[in-house]
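Inspection log for the structure reproduced underneath, given as structure tokens.
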Amino acid sequence: MTRSGRRYAALTAAMLFSGTTAFAADTDDMDVTLTVAADCEVTATAMDFGNLTAGGLSGATATSTISVNCATGISYQVSLDAGDGASATTTARKMTHTTVSSNTVDYGIFTDSGHTANFATATAATGTGSAVDTTAYGQISSTTAAAGDYTDTITVSLVY
């Protein structure tokens, strides 16, 4: 062993026997945080009555799924407006002919499949952190209509 090698070995041995190490230790804390926003979102599928004959209007039905996703514990309420139809109300909505605006088809949107509870404002609920689906049940009340395409746009509002 060379002279410098012997010095290194002696120094290493001295450090081992004296309890001193060649390395230092230190610690620090790492903070872990998360903020969950008090947030909600709503989506709605189209309500499509399909293709009907003039004699098959009254009582025709369709549905839409309204999906609400709110953070856990957030209270919310869903409401539907009257739509774009002239003179429409939340209890008597109107689809309008796409080329002859004076032609309309009356319909309703309900919270139940029996079409008895009008859907204007839904009962308040509390968010679960997962999507909660509600079905909106549509039913046509007009008995006749001119041939053509009819549309309406309902605004689904989510208040939380």
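The values are calculated or read from the model by the stated rules, or taken from the named source; none is laboratory data. Note that this is a predicted model, so its numbers are computed, not measured. Please note: Cβ atoms are built from the backbone with ideal geometry, for glycine as well, and neighbour counts cover all protein chains shown.
Overview of values
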| quantity | calculated |
| --- | --- |
| Pair list, Cβ < 8 Å and 6+ apart or interchain, from segment 59-82 residues that are more than 12 Å from residue 130 (Cβ to Cβ) to residues that are part of a strand (DSSP E or B) and of a type in the set (Lys, Arg) | 82/93 |
| Qualifying residue in segment 54-64 (condition: within 30 Å of residue 36 (Cβ to Cβ) and either assigned to a strand (DSSP E or B) or not aromatic (Phe, Trp, Tyr) (or both)) | yes |
| Restricting segment 8-40 to residues that are closer than 30 Å to residue 156 by Cα and modelled with pLDDT under 95, the residue that is surrounded by the fewest Cβ atoms within 10 Å (Cβ to Cβ) | 35 |
| Residues within segment 95-142 that are in contact (Cβ under 8 Å) with a residue 60 or more places away in the chain, surrounded by 12 or more Cβ atoms within 10 Å (Cβ to Cβ), polar (S, T, N, Q) and in a loop (DSSP other than H, G, I, E, B), tallied | 2 |
| Selection count where residues are modelled with pLDDT of 95 or more and surrounded by 14 or more Cβ atoms within 10 Å (Cβ to Cβ), scope segment 41-62 | 7 |
| Residue check, residue 68 modelled with pLDDT of 95 or more, part of a strand (DSSP E or B) and not hydroxyl-bearing (Ser, Thr, Tyr) | yes |
| Hits in segment 143-158 - residues which are surrounded by 11 or more Cβ atoms within 10 Å (Cβ to Cβ) and charged (D, E, K, R) | 152 |
